[in-house]
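Visitor: Can you read through this structure? Questions will come right after.
Taken together, the values in this text are just the output of simple stated rules run on the coordinates, not laboratory data. From a predicted model like this one, the values you see are computed outputs, not experimental measurements. Glycine also receives a Cβ, built like all others from the backbone with ideal geometry; neighbour counts cover every protein chain displayed.
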Amino acid sequence: MAAKKSGKTLNLAAVLDLNEASALRDKLISVRGSDLSIDASAVERLGGLCAQVLMAGAKTWSEDKHSFTFTKVSDAFHKTMQLVGVDIDHLLAKEIRQ
């Protein structure tokens, strides 16, 4: 009998800038192969490179047939994603969609 893969949770740092991009990529790689819930409620600043890393992760999870969901997002995170032209509404948990 195959073991059921459990979901993972990733809590994002308050500042997601150029210096954090590699660490974010490494964290995503370490949980690949599982459904992923992301808590972005603590994010105060989000740089473009980290936004790209997150969207590349969303695409990878989709190709791997696993869920990639933002369960909580700060206002700063959501507004910055909109500012850089990324619509994350389809990735938001049903409970927090507006």
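Visitor: To make sure I understand, if each residue's beta carbon is the centre and we count other beta carbons within 10 Å, what order do Met55, Met81 fall in, fewest to most?
Guide: Values: Met55 16, Met81 22.
Ordered from fewest to most neighbouring Cβ atoms within 10 Å, Met55, Met81 come out as Met55, Met81.
Visitor: Could you put His90, His78 in order, starting from the residue whose Cβ has the fewest other Cβ atoms within 10 Å? If you can, show how the numbers build up before the last one.
Guide: Details: His90 8, His78 19.
Ranked by crowding around the Cβ, least crowded first: His90, His78.
Visitor: To the nearest 20 debye, what is the magnitude of the charge dipole of the stretch 9-96 about its Cα centre, counting +1 on the Cβ of each Lys and Arg and -1 on the Cβ of each Asp and Glu?
Guide: Working: 9 positive and 12 negative charges, 23 e Å.
Approximately 120 debye in magnitude.
Visitor: Same structure again: What order, most packed first, do the peptides 58-64, 36-42 have when packing is the mean number of other Cβ atoms within 10 Å of each residue?
Guide: Details: 58-64: 14.1, 36-42: 18.7.
Taking the mean over residues of other Cβ atoms within 10 Å, the ranking is 36-42, 58-64.
Visitor: Next question. List the residues whose amide H sits under 5 Å from the amide H of Lys8, counting only those 5 or more places along or on another chain, with H placed 1.01 Å from N in the peptide plane.
Guide: Asp35, Leu36, Ser37
Visitor: In addition: Using all C-alpha to C-alpha distances in the stretch 9-96, build P(r) with 5 Å bins and read off the rounded percent in each one.
Guide: For the stretch 9-96, the pair-distance distribution reads 3, 15, 28, 30, 18, 5, 0.
Visitor: For the chain: lysine pairs with Cα atoms under 15 Å, gap of 8 or more or different chains, count?
Guide: Numbers: Lys4/Lys65; Lys5/Lys65; Lys8/Lys27; Lys8/Lys65; Lys8/Lys72; Lys72/Lys94.
So the count works out to 6.
Visitor: Select from Cys50, Leu16, Ile38 the residue farthest towards the positive end of the dipole of the chain; place +1 on Cβ of Lys and Arg, -1 on Cβ of Asp and Glu, and compute about the Cα centre.
Guide: Ile38
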